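Working notes, beginning with the structure itself.
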Amino acid sequence: MKKNIALLGQSFLRNYVLIAILALIVVTMLVEPNFMTFANLINIMRQFGPLVMVSLGMTFVIIGGFIDLSVAGTISLVAVVTVTLIDPIGQVPAILVGLGVGALCGYVNSLLVLSSGALTQAEALFITFGMSTVYSAIALMYSGGSTKHMRFLKGDTSVIEALGQGSVGIFSVSFLVFLVCLAVLWVFQTQTRMGRAICLTGGNKTAAHLCGVPVSRSIIAIYTISGFMAAIGAIILFSRITTASPVIGAGYETNAILAVVVGGTTLKGGKGSVLRTVMGVLLVILMSNCLNLLGVTPYMQVVTKGAILVLAIWLDNRTQI
Amino acid sequence: MKIQTSECILSIKDVSKTFPGVKALQKVSFDVRRGSVHGLVGENGAGKSTLMKILSGVYQKDAGAGTVIFDGETIENTTPHESMHRGLAIIYQELNLVNTMSVGENIFLGRFKEMKGMRGTHTSARELLDRIDCKIDTHKLVSELSVSEKQMVEIAKALSFKSKLIIMDEPSSSLTAEELVELVKIIHQLKEQGISIIYISHKLDEIFDFCDVVTIMRDGQIIDTKAKVDLTRDEMITKMVGRSIENEYPERPQNVGATLMEVRSLNTRKLHDVSFTLKQGEILGLVGLVGAGRTEIVRAIFGADKTDGHQILINGSAVRIKNPNDAKLAGFGFVPEDRKLQGLVLPFSVESNISMASFEKFTKFGFISKSKESEIGIRQAKALVVKTPSTKTPVKNLSGGNQQKCIIGRWLENDPRIFIMDEPTRGIDVGAKYEIYVLMKAIAEKGGAVILISSELPEVLNMSNRVLTLFEGRITGEFNPQTASADEIMRAALGMTEGSANP
C-alpha cells in the first residue's frame, strides 16, 4: 500500500497537469463554498461510477499501444439493449446479455484492428471511430430513436435498483462494484502473464512478436476488456436514472482518454496503471464540477477539457524517453 | 589553384565525420573532374552514403575537419535546398517524388511561380525531358511511372536546377537490363553536356562499363582513386574487402557434427528456391549485399514472415513453424537485425527484456512470479557480464553492446539449438564484439548451431565454419572460409561467378 501511495505521489509530481487541476479545486473551494457540501460530493461520486469503469478498460487499450474511440457507441448500445430486455427476460439475464454485447463490440473492434495489420495507433483510431458510429446507429435503430424506460416490477428485489441506489454500510453498491473491478484489473495487469504480454505489446509490438509473446491475443484482450468495461459503465449509468437514451454514451470516449492520459499512462503504450487512471478520473470529474460551480459555460468547459488533453499529451511527449 | 578549380567541379579535402561512438569518415579526399563519370564503390557501411549526405547538406561534416570546394566555391554549412540551387543534385535510391502529382509538377515542385503557372511548367518540363530523349507525357501522374521513368524525372529535375554535378546513389539497383541501357545512354548524354556524375554502385560491371575514374572506399576512408583503365577488377575487389585481419576473433568452433537442420526450397517474393543445411556445432555465415535476401531467409525460417512454401527438417524430422512462438518451441533463438526497433522494449527493465522469451519459466497458472523473473534476469546478466547498475534499470540506459547481450541472454535462457544472429555486432564497440564472438562459439560448441549474418565480411570469414553467398535472393555459392579467399567469396556475393555448390 505504501508503494502505491508512493506511486501516486510520483505520478503526481510528474504531471504538472494534476497540479494545475488541484490548484483549480483549491481556488473553487475558496471562491465557492458549495463545493464541499454533501450534495455536491454525492454528485461527484455519481459521475465517478460510469466514467471510471470506461476509463479502466481504456487504460488497457492505451497500455497495449492502441486506442478505442468506440466506447461511446458501445455504451449507448449496451444501455438500450439491456433496458429493453429487462421486461422480456428479467434483470439478471438482461444484464448478462448487456455485458456480452459490450464484450462482443470490443471483440469485433479487435478483429478489425488486427485485419488492418495493427501497425499503428492511427489505424486503430479510425477503425474504432468508425465502429462508434456503427454501434450508435445500431442503438438508434434498435430503440427506434426513442429513450427507453425501465419498468420496475413491484415486490421483486430489483438488482438494477440496488446497483443504482443501494448501499452496503457507507459504500454504495456501485462503488463496491468499482472496487472489485479495480482489484481484478490491477491483479490482471501486474501479476498475470497476459497482463505482461499486453504491456510488452504496447512497449514494442515487433520485439514482442519476435519473442513469441502472443501479440494478436493481447490486442483481442485489450479491446474485449474495453468493451466489457464500457458495458459495466453503461449498466451503472442507466441503473441510476432508469432510462436509456440511444445517445447516452456520447462524450465518454474523450473523457475516458482524458482521464487515462491525465492520470499518467503514456499514449505511447507499454507503461501505465489502472491506479493512475482512477486518479485521472477523479481529477477530470472534479474539474468539470469546479468549472460548473464557478459558472463556466458548458462550451467553455469543452474547450478547457480539450486544452488539458492537448497539454497532457504534450507533457507526455516531453517526459517519456 | 586556379587550374584546379577549372578542372575539378568538386574537390573534397580531409573531410571527417563522427557520429556518437563511430568515426564514419576519416580524412576523406578526392576530386571529381568536370564532365567525368566518377564511380564510387565500397562495401555496405564504407561511408559512401555519409559522404554524399555531407555534400548535399543532409549531414554536416565535423567542424573544422577539411574543406569541400564545389565549382570554385568553398562550401560550409549548407542545406539540401542550397546545394540543389548551387547545382549539386542527388538522386537517391528511394526516389523523392510526389506520387500524386504529375511529372511536370514534380520537376518544378515549389517553383510554379517562377515557371509562370502550369502551362510554363509543362512546357519547360517537356524541354528538359527532350534533352535526355525521354518521351514521358509531362501530365502523367508519377504513380503511373515505372522506376526507370521515375529516375528520368529525377534527372530532368536535376537538370532544371542547371546542375553541374549529379550524384546517383545505386541507380541501377531496381532496374532491368534494358532499363539500365537507357540509363547509361542518358549518362553519356549528360557527360557530353558537360555535367559530371558521381555513380555509386555495388555492381562492378557497371563501374567498368562507363565510369572514367573509380574511387574505392572502405571503413570510412578512401583506399584508392584510379582511372578505370589503370584498374583491374581483381584489384578493385581486393581493395574493397581486404583489410588487415588482426587478432580480434576467437578461434572458430572445432567440432562440426552431423546435419542439425535442413531447409528445403524456401520461396518468397524475394527468395528463389533457397535450400541449405546447418550442421551441429558449426557457425554458418550468410554473405550478401543488403537486399540480397540474407535477412529474409532467417526471418522466413523463424516464422516472422510468410513464405510461398518451404520445408524445415530438424534432426531429420519435419517441423512446422508458422510464427516466432513455434520457432521458439522448436529450439530457435533469434537476434534481430535492428536492436532497438525489433529486439528491445526500450523503456522496460533489463530483467523484463531478458525474461520476455521464457515466460514458461516464471509463470504458473498464468500468474507471474516476480522473484523468479528477477532470478532469470540476474542469472543471464551475470553469465553474460552485462554492465548495468541493476537488472531493474531501463534497458535504454545501457550501451549497445550490453543491450545486445540482453537479447542474447534472453534466448540463452531457453538453451536454443539453432541460434540466428542478424548483424549481432552492428554499432558495438570492439571489446563487446569479442565477447559476442565468444558467446557464439560457446553456443556452437555446446552442440547447437549458429547462423550468422553480417555486413562485415571479415567477421563472417573469421567466425564461420562455412559460408553461403547470396545474390538477388539465390544462393550463389558455398565456401570454406579457411581455404577460400575473400575475393572469391565477394565475387559470388556480387553475382559475378557461381560458387562450388548449388549450381
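Here's the list of aspartates and glutamates a cross-link from A:LYS268 could span, going by alpha-carbon distance under 13 Å and ignoring same-chain residues fewer than 8 apart: A:ASP316. Backbone N atoms of the range A:24-44 closer than 11 Å to the 7 Å Cα→Cβ label point of A:ALA307 are not found in any residue.
If r is the Cβ-Cβ distance from A:ILE241 to A:MET36 and R0 is 25 Å, what FRET efficiency results, to the nearest 0.05? Given R0 = 25 Å and the Cβ-Cβ separation, E is 0.50.
When B:HIS202, A:HIS149 are compared by accessible area at a 1.4 angstrom probe, the order from most to least is A:HIS149, B:HIS202. Stick to the Cα atoms of chain A, pair each with every other, and give me the Kirkwood hydrodynamic radius in Å at one decimal. Final number for the Kirkwood radius of chain A is 20.0 Å. Dimensions of the range B:5-241 based on its C-alpha atoms, expressed as ranges along the principal axes with the largest first, amount to 50, 38, 35 Å. Among the residues of A:259-272, the average count of other protein chain beta-carbon atoms within 10 Å of the residue beta-carbon is 1.
Ranking B:ASP338, A:ASP68 by solvent-accessible area of protein heavy atoms (1.4 Å probe, all protein chains present), from largest to smallest, gives B:ASP338, A:ASP68. Ligands, DNA and RNA excluded, the heavy atoms of B:PHE19 present near 70 Å² of accessible surface to a 1.4 Å solvent probe. Rounded to the nearest 0.05, what FRET efficiency do B:LYS387 and B:VAL438 give with R0 = 25 Å and r taken as the Cβ-Cβ distance? Could you check? About 0.95, to the nearest 0.05. For the range B:303-404, the Kirkwood radius over C-alpha pairs fed into Stokes-Einstein at 4 °C and 1.567 mPa s yields D = 84 µm² per second. For B:LYS53, B:LYS387, the ranking by accessible surface with the largest value first comes to B:LYS387, B:LYS53, using a 1.4 Å probe. Within the range B:346-415, what whole-number % of the accessible surface is contributed by carbon and sulfur, with the 1.4 Å probe and all protein chains included in the calculation? Accessible surface attributable to carbon and sulfur in the range B:346-415 totals 60 percent.
Counting heavy atoms of the protein chains alone, B:ARG131 has an accessible area of about 110 Å² for a 1.4 Å probe.
Enclosing the Cα atoms of chain B in their convex hull gives a volume equal to 174 cubic angstrom per residue. Pairs over the 27 Å Cα-Cα cut-off, from the set B:LYS48/B:LYS226; A:LYS205/B:LYS370; B:LYS328/B:LYS372; B:LYS48/B:LYS306; B:LYS157/B:LYS203: B:LYS48/B:LYS306. Counting only Cβ charges, +1 for Lys and Arg and -1 for Asp and Glu, the dipole size of the range B:5-241 around its Cα centre is about 620 debye. Counting every pair of alpha carbons in the protein assembly as shown, the share spaced more than 54 Å apart comes to 27 percent.
Which value in Å is the Kirkwood Rh of the range B:59-191 over different Cα pairs? Result for the range B:59-191 stands at 15.7 Å.
The A-B contact accounts for roughly 2200 square angstrom of buried accessible surface, both chains included, probe 1.4 angstrom. Counting Cβ atoms of other protein chains within 10 Å of each Cβ in B:335-342 and taking the mean gives 2.
Hull volume per residue, based on the alpha-carbon atoms of the range B:65-121 and their convex hull, is 116 Å³. Legend: calculated FRET efficiency, B:ALA227 to B:LYS162, from the Cβ-Cβ distance at R0 = 22 Å, rounded to 0.05, equals 0.20. For B:LEU470, the residues whose amide H sits under 5 Å from its own are B:VAL287, B:GLY288, B:THR476, ignoring neighbours fewer than 5 places away on the same chain, with H placed 1.01 Å from N.
Surface exposure of the range B:92-188, expressed per residue as accessible area with a 1.4 Å probe, stands at 49 Å². Taking Lys and Arg as +1 and Asp and Glu as -1, the other residues whose beta-carbon sits under 14 Å from that of B:ILE90 total 0.
For B:GLN311, the shell of other residues with beta-carbons less than 11 Å away shows a net charge of +1, using +1 for Lys and Arg and -1 for Asp and Glu. Once the Cα atoms are used to define both axes, helix B:117-131 deviates from the longest principal axis of chain B by about 90 degrees. Each residue of the range B:94-110 was assigned a 3J(HN,Hα) from its phi angle through the Karplus expression (A = 6.51, B = -1.76, C = 1.60, θ = phi - 60°), giving 8, 3, 9, 10, 8, 4, 8, 10, 7, 4, x, 4, 5, 5, 10, 3, x Hz with x at Gly and Pro.
Tell me, rounded to the nearest percent, the portion of alpha carbon pairs in the range B:370-497 spaced more than 22 Å apart. Taking all Cα-Cα pairs of the range B:370-497, the fraction more than 22 Å apart is 44 percent. Rounded to the nearest 10 square angstrom, B:ILE378 shows an accessible area of 80 square angstrom against a 1.4 Å probe. Any idea what log10 I(q)/I(0) is at q = 0.19, 0.21, 0.22, 0.25 Å⁻¹ for the range B:346-415, Debye with uniform C-alpha scatterers and no solvent? Scattering profile of the range B:346-415, log10 relative to I(0): -0.63, -0.77, -0.84, -1.06. The Stokes-Einstein estimate for the range B:142-181, based on a Kirkwood radius over Cα pairs and taken at 37 °C with 0.692 mPa s viscosity, is a diffusion coefficient of 298 µm²/s.
With respect to chain B, whose longest principal axis is taken over its alpha-carbon atoms, helix B:177-192 is tilted by about 40°. Binning all Cα-Cα separations of the range A:147-253 at 10 Å, short to long from zero, yields these whole-percent fractions: 13, 31, 27, 19, 9, 1. The accessible-area loss of the range A:184-200 on complex formation, taken against its chain alone with a 1.4 Å probe, reaches 50 Å² or more at A:GLN191, A:ARG193, A:ARG196, A:LEU200.
The values are calculated or read from the model by the stated rules, or taken from the named source; none is laboratory data. Because the structure is predicted, anything quoted here is derived from the model rather than measured. Using ideal geometry, Cβ is built from the backbone for each residue, glycine included, and neighbour counts are taken over all protein chains shown. Please note that ligands, DNA and RNA were not included when accessible areas were found on the heavy atoms of the full protein model with its side chains. Shrake-Rupley method; radii C 1.70, N 1.55, O 1.52, S 1.80 Å.
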